[in-house]
Structures are given as structure tokens and as C-alpha cells.
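Student: Take a look at the following structure, please.
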């Protein structure tokens, strides 16, 4: 079932990712298995970028009653948000609207900056606890893959996105061991 406490769910997952980030050696963090694969550093940067440029702003649109029309929540969204199932599916960034793809593309940043950015990312997300508790779940904003989703669902997407990338993270960690 959908998490009743998306703040606690995000906090647990993000703190684990942060501990992992602190424990990677320099070579493991920046190693790219191939030219078309990301390094762990790029993966972390991608998580931050998507949350800050897409998921969090759409969460805020819902909390500010700024709705956008679209198709109803679809069956994939039902699996994810109602049954807590994250399908094992590769999603190409190119399948998103072109104007946001550049916001999702990671950059390689220095380790200390990446650690600071990730820590700030965690604090920024957690600072929305009051909004999550007070939001009107009837107000929805369109997601190109899931249809109309509400503020709690937009917020939950931040942790779900991290969970979606868990397999990739584990593959990158395994390459480095």
C-alpha cells in the first residue's frame, strides 16, 4: 500500500544514499563502466536535479492550487502509488518533454560539492513536512507518464525515483568492487 508517511520513507532512503555517498572512494564514485553509462556521481546529481527541477516544483503547484489538466491517473500510476510497486523498466530521458530533458541530465561535480548538494537536497525535501500534512489531495497536476497526480504523489515520486534507480546504483557499486 502507498506509504502513509512519505516524509519518513524519503528520510530513510535518502539517509541511506547519503551514507553510501560518503563511503565511496574517489575512483568508485567517478568510474563510468562505459561511455553511455553514468558514474555514481552522475546518478546522485541526476536524483537531485529531477527532484529540484521537476518533482518538487510540481508538488508545490499542487499545494498552491495551480492545477494543470491532463489524463486521469493511469494503471502504471496505480501500481506505483496505490500498490507501492515500482516496475523494473528503463526510462529514457528522451521520452520526457524536450524542454525538461536538459534539467535532468547530470553533471560531474566535485565530491565535496556533491556531498553538500545531496545533504541540502535532503533538508530541502524534508522541509516540506507541514505542506504534505496540510495538502488537499483532490488537487492534481499532470505527469506525462502517470496522468493527474496529487501533491502527496508528486512528493512521493522523489523517493520512488531513488528506488527506481536502486538497481542501477547496485550495478555501479558491483562494477567497482
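Residue-wise test of (1) at positive phi; (2) assigned to a loop (DSSP other than H, G, I, E, B); (3) modelled with pLDDT under 95.
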site: 2; (1), (2), (3): no, yes, yes
site: 8; (1), (2), (3): no, no, no
site: 20; (1), (2), (3): no, no, no
site: 33; (1), (2), (3): no, yes, yes
site: 37; (1), (2), (3): no, yes, yes
site: 46; (1), (2), (3): no, no, no
site: 62; (1), (2), (3): no, no, yes
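Student: Taking the conditions exactly as written (surrounded by fewer than 12 Cβ atoms within 10 Å (Cβ to Cβ) and at pLDDT 95 or above), does residue 55 satisfy them or not?
Tutor: Numbers: surrounded by fewer than 12 Cβ atoms within 10 Å (Cβ to Cβ): no; at pLDDT 95 or above: yes.
When the stated conditions are applied, residue 55 does not pass them.
Student: Does residue 110 satisfy being touching a helix residue (DSSP H, G or I) at 6+ places or on another chain (Cβ under 8 Å) and either over 22 Å from residue 10 (Cβ atoms) or at pLDDT 95 or above (or both)?
Tutor: For residue 110, the condition - touching a helix residue (DSSP H, G or I) at 6+ places or on another chain (Cβ under 8 Å) and either over 22 Å from residue 10 (Cβ atoms) or at pLDDT 95 or above (or both) - is not met.
The values are calculated or read from the model by the stated rules, or taken from the named source; none is laboratory data. Note that the coordinates shown come from a computational prediction; the quantities given were computed from them, not determined experimentally. So basically every Cβ, Gly included, is an ideal-geometry build from the backbone, and we count neighbours across all protein chains shown.
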